[in-house]
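S.K.: Handing you a structure now.
The values are calculated or read from the model by the stated rules, or taken from the named source; none is laboratory data. Only a predicted model underlies this, so the values are computations on that prediction, with no experimental measurement involved. Every residue, glycine as well, gets a Cβ built from its backbone with ideal geometry; the counts of neighbours run over all protein chains shown. Ligands, DNA and RNA are excluded from the accessible area calculation, which covers all protein heavy atoms including side chains. Shrake-Rupley method; radii C 1.70, N 1.55, O 1.52, S 1.80 Å.
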Amino acid sequence: MIYVKDHKQYDMFSPFEHLGPKRLALLESSWAHLFREEILHRLPVKKLFHLFDDGKGRPTKELHAMLGLVLLHQMEDLTDDQAIRQYALNIEWHYALNI
């Protein structure tokens, strides 16, 4: 099963409101907001659909987030382990990738 989130649709509840207004304002003024609003939903995830079988296997991770992860991994020139750590722990990456 292919999992693709519609990033143009707004969340009913913001997953980042627990950060408070100051921290949220910092995120919204950073590169992460630009990535989330302008780049994430334009990633060509449909080109990957032919690689997955709809009837076999487990569901994919959200494909926009995975392509965004690869893009950030290359942009930051990180090792695989560093990229995994950023994906798991960095709030800016969570915000940018909408996870």
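S.K.: Quick check: pseudo-label points 7 Å beyond the Cα along Cα→Cβ at Leu71 and Ile39, how many nm apart are they?
M.R.: That separation, rounded to one decimal, is 0.6 nm.
S.K.: Next question, about the same structure. First measure r as the distance between the Cβ atoms of Ser30 and Thr79, then evaluate 1/(1 + (r/R0)^6) with R0 = 25 Å and state the FRET efficiency to the nearest 0.05.
M.R.: Step by step, r from the Cβ atoms, then E = 0.60.
S.K.: To continue, here is another question. Give me the Kirkwood hydrodynamic radius of the range 11-82 in Å, from all C-alpha pairs, to one decimal place?
M.R.: Its Kirkwood hydrodynamic radius stands at 14.7 Å.
S.K.: Here's something else I'd like to know. With a 1.4 Å probe and every protein chain kept in, tell me what percent of the accessible surface of the chain is carbon plus sulfur.
M.R.: 57 percent
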